[in-house]
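> One structure, pasted below without further comment.
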Amino acid sequence: MADPINRTALVTGGASGIGRAVCLRLAHDGAAVAVLDLTHEGAEQTAGEIGAGGGRAVALVADVADAAAVDAALAQARAMLGPLTILVNVAGIGDFTLLSDMTPERWQRMLGVHLNGTFHCTRAVLPDMLAAGWGRIVNTSSVAGLSGGGPGLSHYAAAKGGIIAFTKAIAQELGPSGITANAVAPGLIDTPMVKDAMVSEEIRRRAIDGAPVRRIGQPDDIAAAVAYLVSAEASFVTGQVLSPNGGRYM
């Protein structure tokens, strides 16, 4: 099916970091954007930036780990912007916890936000994409989902690896309906979540020194990758993992 005239995107985790950059980039490229986040103030700020630039956006609040909250937020999005044909799952949390210190609650929360949240949002937008005969789904994984991440990241790596497998599965299932599904697996990106997870200056320096491009990634680097994957030019790309990481992992 042809690219729809009215492209409307749902971006989770849109208040800051990669999510915010994706919202602004998609709006710049002409999409209306539903900015979903756990914090109302942050979602409003991103939506306000889009509006100030002449775009259309709405701020939504939901915990993506809560399926009912996601459904309610998407009902608002449809009422204000129309059917959703682009989904970018970015919402996430992060911390370092050794397996010996891992509680079931911490494990479940990590998988709940990343993996379950990706499922909840994908399931919720699917009827719109099926009706349109066109859709673009981009799920945010991580190099940790490819490499294991290292000590303290077993819960994070498991969630991000699950996202890759989920993406490949739905790419096969939804491709005949005109819907593509791909994943981005960023390396270390300079975001508030990375800072809040207490990534040390030593880890940051090792990441820079180990990357051929000799720098840490920026949210706009990931937004550019997402912009390609949701574009008409990427209609032959599905079930793939694009990993913008400066060459740190090959």
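> What order do you get for 124-135, 94-105 when each peptide is scored by the mean count of other beta carbon atoms within 10 Å, highest first?
Numbers: 124-135: 19.1, 94-105: 12.0.
Peptide ranking by packing, descending: 124-135, 94-105.
> What is the Cα centroid distance between segment 72-102 and segment 196-245, reported in whole angstrom?
Going from one Cα centre to the other spans 19 Å.
> In debye to the nearest 20, how big a dipole does the chain give about its Cα centre with +1 on each Lys and Arg Cβ and -1 on each Asp and Glu Cβ?
Charge dipole, the chain, about its Cα centre: 460 debye, nearest 20.
> Over the chain, what is the mean sequence separation of C-alpha contacts under 8 Å (at least six apart), divided by residue count, expressed as relative contact order in percent?
19 percent
> Cα convex hull of segment 126-246: mean projected area in nm², to one decimal?
Values: hull surface 32.4 nm².
Average projection, Cα convex hull of segment 126-246: 8.1 nm².
> About its Cα centre, how strong a charge dipole does segment 38-103 have in debye, to the nearest 20, once Lys and Arg get +1 and Asp and Glu get -1 at the Cβ?
Once rounded to the nearest 20, the dipole reads 400 debye.
> What ranking, highest mean first, results for peptides 203-214, 55-66 when packing means the other Cβ atoms within 10 Å averaged over each residue?
55-66, 203-214
> Sticking with this structure for a sec: For the chain, set up a GNM with springs between Cα atoms under 10 Å and report which of A165, A15, A73 has the largest fluctuation.
Ranking A165, A15, A73 by mean-square fluctuation puts A165 first.
> Mind ranking 115-121, 152-158 by how tightly packed they are, going by the mean number of other C-beta atoms within 10 angstrom, highest first?
115-121, 152-158
Each value in this text was obtained by applying a stated rule to the coordinates, not by laboratory testing. Nothing here was measured: the structure is a model prediction, and the numbers come from that model. Cβ atoms come from the backbone with ideal geometry, glycine included; neighbour counts cover every protein chain shown.
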